[in-house]
Amino acid sequence: MAYRGSVRPFVNFNAKHDAEVLHKAMKGIGTDEDTVLMLLTARSNSQRQEIKAAYKKAYGKDLVSTLKSELSGLFESLIVALMTPPISYDASQLHNALKGAGTNDTVLIEILASRTGEQIQEIAKVYKKEFGGKLEKDICSDTSGHYQRLLVILLQGSREEEVDEANIEKDAKDLYAAGEGKVGTDEEKFINILGNRSVEHLRKVFDVYKKLSGSDIEASIKGETAGNLEDLMLAIVKCARSIPGFFAESLYKSMRRAGTDDDTLMRIMVSRSEVDMLDIRAIFKKKYGASLYTTIQEDTNGDYQKALLYLCGGND
């Protein structure tokens, strides 16, 4: 597989040297933000962890705490996110989405619909270790009904691996019968098929479904469900079709409405920069006729903007 991230491991990497550069950039009055952002956006996450260790060893201080005391606003949040290991970052995003009054369903849906089963199991472990609670229990106390059921299935991280050729047509017919083919909706059928089948299997089911019903599965979901359940099912379908496509659309929505949804913008740019940012950029350009780079330029400013543009990795 070709590497599809925009951020790559830095070639002549030297953690001790980088720690020194950061220390100088933050020493004395004022901070050289340019140095901080150029250095950290040009290192992979595992290299940033090595820099963190080297910094502590050389200066007896925690690098993240130092960065927090020197930076502010969205730029600070972005740099702290970059310094967090990916699984811990996902766990902390879920924790923030669940704590306090109200629930940030966008975060729950985005992470649980797009991560691999293995990643989800790791996230649950780290969540317990870092926040002392069980992710499933916290999700259950914040959600209800069919939406909760589907989230809990995804949380198991045990989606089937293979394509079950014998059941492709049956699944498509079951989905049709559970939705468009009847009065009312049998949500259980949708939940079971969308929550458990392998991604390749689902793609084939969607193709057969279109032949059967004459419309895309997305149209049926929109017609049959509402609210968070609809959003979650659509996210699962979109991720089965194309994870970079799902993120390109989420990025577009985070910027092309009144005001910018900086939380979503930042979360996706950080978490996809070493995974599939090049694919996200290509789909974004094709679908929306503008590059992700110029869209970020128009919607953000300052050091925060500069850092996001480095993560984007280029203008298409």
Gain upon complete extension [residue 119, residue 148; 0.36 nm per residue less C-alpha separation]: 8.5 nm
Unsatisfied cross-links (Cα-Cα over 25 Å) in the set 68/99; 137/210; 129/306: 137/210; 129/306
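For residue 8 and residue 301, FRET efficiency with R0 = 25 Å and r from the beta-carbon atoms, rounded to 0.05?
On the way: r = 27 Å, r/R0 = 1.06.
My answer for the efficiency is 0.40.
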Derived scalar couplings ³J(HN,Hα) [region 143-150; Karplus, 6.51 cos²θ - 1.76 cosθ + 1.60; whole Hz; x for Gly, Pro]: 9, 8, x, 5, 4, 4, 4, 5
Fully extended contour minus Cα-Cα distance, from residue 76 to residue 95, at 0.36 nm per residue: 4.9 nm
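Shape of region 245-316 from its Cα gyration tensor (a ≥ b ≥ c, root eigenvalues): rounded if a/c is under 1.5, otherwise prolate when a/b > b/c, or oblate? Mind dumping the intermediate values first?
On the way: a/c = 1.30, a/b = 1.13, b/c = 1.15.
Judged from the Cα gyration tensor, region 245-316 comes out rounded (a/c under 1.5).
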Point-charge dipole on Cβ atoms (K/R +1, D/E -1) for region 144-249, about Cα centre, debye to 20: 120 debye
Qualifying lysines (Cα of each under 17 Å from Cα of residue 211; at least 8 residues distant if same chain): 170, 173
Among [x] 0.97; [y] 1.06; [z] 1.01, the entry that matches Rg/Rh (Cα atoms, Kirkwood Rh) as calculated here: [z]
Alpha-carbon centroids, region 154-181 and region 1-76: separation in whole Å: 45 Å
Point-charge dipole on Cβ atoms (K/R +1, D/E -1) for the chain, about Cα centre, debye to 20: 680 debye
Prolate/oblate/rounded call for region 87-205, Cα gyration tensor, a/c under 1.5 rounded: oblate
Charge-dipole axis of the chain as Lys and Arg at +1 and Asp and Glu at -1 on Cβ define it, positive-most pick from 111, 140, 194: 111
Spin-label model distance (nm) - residue 253 vs residue 158, 7 Å beyond Cα toward Cβ: 3.0 nm
Cα gyration tensor shape of region 108-170, rounded if a/c is under 1.5, else prolate or oblate by comparing a/b with b/c: oblate
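No value in this document is a laboratory result; all are computed from the given coordinates. What you are looking at is a predicted structure, and each value in this text was computed from that prediction instead of being measured. Using ideal geometry, Cβ is built from the backbone for each residue, glycine included, and neighbour counts are taken over all protein chains shown.
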